[in-house]
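Quick note: the coordinates plus some simple rules give every number you see, no bench work behind them. Since the model is a prediction, treat every value here as computed from it, not as a measurement. For neighbour counting, all protein chains shown are included, and Cβ atoms are generated from backbone atoms with ideal geometry for every residue, glycine included.
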């Protein structure tokens, strides 16, 4: 993988560039809150990133384990950004994420929670008029 960036690259900038976080500020905050680990230790946002390093990330949606495949200092399209890291997340973590995602939203409104649908209101009105 070619390196279009300079030799030194901050961790927060790298995580933003490979699209793990929407903004660089969110990447910095994740580092400060201990959501990013290197060798099971919390890292600072200013840590220098090197090829071959492995990081454990915890984002809002899931846990990741990535290996640095290339250095990228600017944000690019997603299909290009995925070439700069390898997703080496353990399979049991992926299965847990898929299970959570499948049970998260079924598309149906849960019983007795929230507003009734238009059809349910009509049915209720028809029942009360009779």
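Looking at the square roots a ≥ b ≥ c of the eigenvalues of the Cα gyration tensor of the range 1-94, which shape do they give, rounded for a/c under 1.5, prolate if a/b is larger than b/c, or oblate?
Rounded, because the longest to shortest axis ratio a/c is under 1.5.
Sort 12, 126, 56 by Cβ crowding within 10 Å, fewest neighbours at the top.
So the residues, fewest neighbours to most, are 126, 56, 12.
Please give the FRET efficiency for residue 78 paired with residue 42, using the beta carbon to beta carbon distance and R0 = 41 Å, rounded to the nearest 0.05. Don't skip to the end; give the middle numbers.
Numbers: r = 27 Å, r/R0 = 0.67.
Working from the Cβ atoms, E equals 0.90.
So how do 66, 113, 88 line up by other beta-carbon neighbours within 10 Å, fewest first?
Fewest-to-most Cβ neighbours within 10 Å comes out as 113, 88, 66.
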Report summary line: For 127, 21, ascending order of other Cβ atoms within 10 Å (fewest first) is 127, 21
